[in-house]
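Derivation of every value follows stated rules applied to the coordinates shown; laboratory data play no part. In this text the structure is predicted, and so the values were computed from the model without any measurement. Note: ideal-geometry Cβ built from the backbone for every residue, glycine included; neighbour counts use all protein chains shown.
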Amino acid sequence: MTTADDTTRDDRGRELDYRPWGAYWVLDDERADHKVKRLVVEPGKRLSYQRHRHRAEHWFVVAGTATVILDGAEITLAPGQSVDIAVGQAHRCENRGTEPVTFIEVQTGTYFGEDDIERLEDDFGRVG
């Protein structure tokens, strides 16, 4: 993994973006009403504490144990469990374990660009 944001394509032609916390793959973005990603959060890492103005998200954990912070409340999710994040809700995923956390993110709303991330806290200096 690299430490800077680095978008590329995987061997199947899917968008692949390396982040300081891990990586994500875009699985589906052909329709205007939703976007689907696969995210992998490396052990000891976490996403920025963030919110979105234009989209809601549904996270479904497929591997590892995710610690989700949702408007300050902590939720632990095991494989097969999920959480819904409303438009404007502050959220993050943390991996406090020793194995990668993998989850599927389904975004719904009116806009799905990466510039719809308002970072409230970030371990990698990306607030602001």
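Quick notes on this structure:
- Toward the positive end of the charge dipole of the chain, with +1 on the Cβ of Lys and Arg and -1 on the Cβ of Asp and Glu, the farthest Cα among GLY113, GLN89, HIS54 is that of GLN89.
- For the chain, a Gaussian network of Cα nodes joined below 10 Å ranks GLU42, GLU57, GLU74 by mean-square fluctuation, and the top entry is GLU74.
- In angstrom, the C-alpha Rg and Dmax of the chain are 13.6, 38.
- Using a cutoff of 8 angstrom between alpha carbon atoms and counting only pairs six or more residues apart, the relative contact order for region 8-121 works out to 32 percent.
- Inter-centroid distance (Cα atoms) of region 112-127 relative to region 1-61, Å: 13
- Electrostatic dipole magnitude of region 1-81 [Cβ: Lys, Arg +1; Asp, Glu -1; Cα centre; debye, to 20]: 100
- Along the axis of the charge dipole computed for the chain (Cβ charges of +1 for Lys and Arg, -1 for Asp and Glu, origin at the Cα centre), the listed residues TYR18, PHE103, ALA63 are led at the positive end by ALA63.
- Set of region 75-113 residues, backbone N closer than 15 Å to the point 7 Å along the Cα-Cβ line of HIS34: 83-85, 104-112
- Convex hull volume of the C-alpha atoms in region 16-91, normalised per residue: 100 Å³.
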